[in-house]
Every structure is written in C-alpha cells, then in structure tokens.
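**Q** Got a structure here, written out as structure tokens. Questions coming.
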Amino acid sequence: MNGTGNRNVRRSIGMLKEAFLRLLSEEPYDQITVSAVTREADLNRGTFYAHFDNMDDLLRSTMSDISGRISVLLDQAPDADFLDDPMPVLGPLGDYLGRDRELYQKLVSSSSVEPFINSLHETFCEGIRARFDRFDPGMDPRLKLVMTEYLTSGVLGAYRAWLEGEYGDAAIGEVNLRLRDLVHATGRLVRP
C-alpha cells in the first residue's frame with residue numbers, strides 16, 4: 001500500500017510540474033496561477049497545496065529538478081581535460097537545452113529564475129573545477145578559480161544568448177564548435 005501511495009504522490013507532483021512547464025512555455029511566470037496549473041494538470045487545488053506551499057515553491061522545485069538533470073549530464077560526461085576537449089561536456093549540455101529550446105528561452109528571460117541560473121552556474125563551476133583538479137593538479141589555485149569562473153560564465157553566457165536568439169538561426173552545434181575553439185585558445189594561453 002505504501003508503494004502505491006508514493007507512486008501516486010510522485011505522479012501528482014510530476015503532473016503539476018509538467019503542467020507548470022507547459023504554461024511557462026506559453027506565458028510569463030508572474031501570470032501563472034495555482035488555478036491555472038491545477039486546471040492544466042487536471043488536479044484540484046488541494047493536491048497542489050499538499051505538495052507545494054505556493055507558486056514560488058513549485059518554481060524552486062521544478063528548477064531544482066532541471067539543475068539536477070544538468071548535473072547528471074556533467075557527471076556522465078567522459079572524464080576528459082576540458083581545455084583539450086570540451087565537447088564531451090558541451091555536446092550533451094547543448095543537446096539538452098536544444099531539445100526544449102522554447103522552454104529554456106522562457107526560463108532564462110524570467111527574473112524569477114535567477115536562483116536557478118545561479119544554481120546552474122555553481123553546478124557547472126564544480127564540474128569544471130573537478131576537471132582542473134584531475135588534469136592540472138599543479139595549477140595555481142588562484143588561476144584555477146579565475147579560469148573556472150571565466151569558462152563557466154562564458155559558456156553559460158553563450159548558451160543564454162543562443163536561447164534568447166541573439167545568434168539568429170545558428171544551431172547549438174555551431175555555438176558549441178565556436179565555444180570549443182575559444183576553450184582551446186584559452187588552454188593554449190595558460191599552458192604555453
């Protein structure tokens with residue numbers, strides 16, 4: 001009986017989050033209401049409030065899920081030196097964002113998701129820092145911090161610009177190739 005209850009809870013939460021993301025892809029976050037989410041999910045308001053305190057709580061939980069998926073992608077990337085071959089990280093991350101570009105475009109343009117952007121930034125920083133620790137253990141710690149921040153901000157900034165349409169009709173693969181070239185150039189600067 002307990003397994004069925006847990007399965008139903010997971011199902012309800014999943015339905016609410018999916019409904020929320022569908023609505024978010026159509027309208028700004030601040031215009032989405034609990035009623036709209038429950039109507040879209042075909043659930044009642046009591047079910048919503050059994051799992052979430054308010055819309056901000058649903059947003060945080062949904063963004064945490066997305067950040068978790070991205071963290072898994074980074075963890076699953078082959079263990080390669082990012083400065084030599086960033087594509088094992090960039091490829092899956094770009095593909096993930098490209099699969100649902102409209103949704104992520106809405107997310108990055110909403111001021112309400114800054115905590116998500118910050119979490120994604122930290123997740124990416126940790127992944128890059130871990131690669132530096134493995135492949136450049138002798139790198140000056142201050143240089144490692146600067147490099148990590150520089151690369152993270154650059155990659156995520158480029159992805160954000162792509163999501164917002166600043167590169168016209170460029171495909172994510174093309175953006176990744178340009179990022180790869182820039183990462184390689186950066187590597188040549190710090191590894192003479």
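Rule-based calculations on the coordinates, nothing more; no lab input. Treat the numbers as computed from the prediction; the structure is a model and nothing was measured. Here the Cβ is made from the backbone with ideal geometry for all residues, glycine too, and neighbour counts use every protein chain on show.
**Q** What does a probe at residue 180 reach in region 116-159, counting residues whose amide N is under 18 Å from the point 7 Å along Cα→Cβ?
**A** Inside the label zone: 155-156, 158-159.
**Q** Could you derive backbone 3J(HN,Hα) for region 78-94 from the dihedral phi with the Karplus parameters 6.51, -1.76 and 1.60 (θ = phi - 60°), listing whole Hz in sequence and x where the residue is Gly or Pro?
**A** x, 6, 10, 5, 4, 5, 7, 8, x, 5, x, 8, 5, x, x, 5, x
**Q** What span do the alpha-carbon atoms of the chain cover on each of the three principal axes, reported in whole Å from largest to smallest?
**A** Over the chain, Cα extents along the principal axes are 62, 42, 24 Å.
**Q** Which angle from 0 to 90°, rounded to the nearest 10, does the C-alpha axis of helix 172-190 make with the longest principal axis of the chain?
**A** In the chain, helix 172-190 runs at an angle near 40 degrees to the longest axis.
**Q** Could you give the dipole magnitude of the chain about its Cα centre, charging the beta-carbon of Lys and Arg +1 and that of Asp and Glu -1, in debye to the nearest 20?
**A** On the way: 22 positive and 30 negative charges, 79 e Å.
Roughly 380 debye for the chain.
**Q** For a Förster distance of 25 Å, can you work out the FRET efficiency between the beta-carbons of residue 149 and residue 54, rounded to the nearest 0.05?
**A** 0.15
**Q** Tell me the mean residue ellipticity at 222 nm calculated for the chain from its helices only (DSSP H runs of n ≥ 4, each -39500 (n - 2.57), averaged over every residue, nearest 500).
**A** Numbers: 9 runs with 146 residues, N = 192.
Counting only the DSSP helices, I get -25500 deg cm²/dmol.
**Q** Using alpha carbons only, how many degrees (0 to 90, rounded to 10) separate the axis of helix 2-24 from the longest principal axis of the chain?
**A** Approximately 70 degrees, to the nearest 10.
**Q** Hey, if you put +1 on the Cβ of every Lys and Arg and -1 on every Asp and Glu Cβ in region 125-192, which of 177, 138, 150 ends up farthest toward the positive end of that dipole?
**A** 138
**Q** A further question on this structure: Counting other C-beta atoms within 10 Å, which of 186, 148 has the fewest, and how do the rest follow? Kindly include the intermediate steps, with their values, before the conclusion.
**A** On the way: 186 17, 148 20.
In increasing order of surrounding Cβ atoms, one gets 186, 148.
**Q** Non-local amide H neighbours of residue 43 (under 5 Å, H modeled in plane, Pro and chain starts lacking H): which ones?
**A** HN-HN under 5 Å from residue 43: empty list.
**Q** Additional query: What is the fewest-to-most order of 135, 48 by other Cβ atoms lying within 10 Å of their Cβ? Write out the running numbers ahead of the final one.
**A** Values: 135 14, 48 24.
In increasing order of surrounding Cβ atoms, one gets 135, 48.
**Q** With θ taken as phi - 60° and the coefficients 6.51, -1.76 and 1.60, list the Karplus ³J(HN,Hα) couplings across region 125-135 in order, rounded to whole Hz; mark glycine and proline as x.
**A** The phi angles translate into 4, 4, x, 5, 4, 4, 5, 4, 4, 7, 9 Hz.
**Q** Using only alpha carbons, build the gyration tensor for region 1-52 and give me the equivalent ellipsoid semi-axes, biggest first, whole Å. Show your work: numbers first, answer last.
**A** Numbers: eigenvalues 103, 22, 11 Å².
Listed largest to smallest, the semi-axes of region 1-52 are 23, 10, 7 Å.
**Q** Another question, if that's okay. So if we plug the beta-carbon distance of residue 85 and residue 11 into 1/(1 + (r/R0)^6) with R0 = 35 Å, what FRET efficiency do we get, rounded to 0.05? Please list the in-between numbers first.
**A** Working: r = 41 Å, r/R0 = 1.16.
My answer for the efficiency is 0.30.
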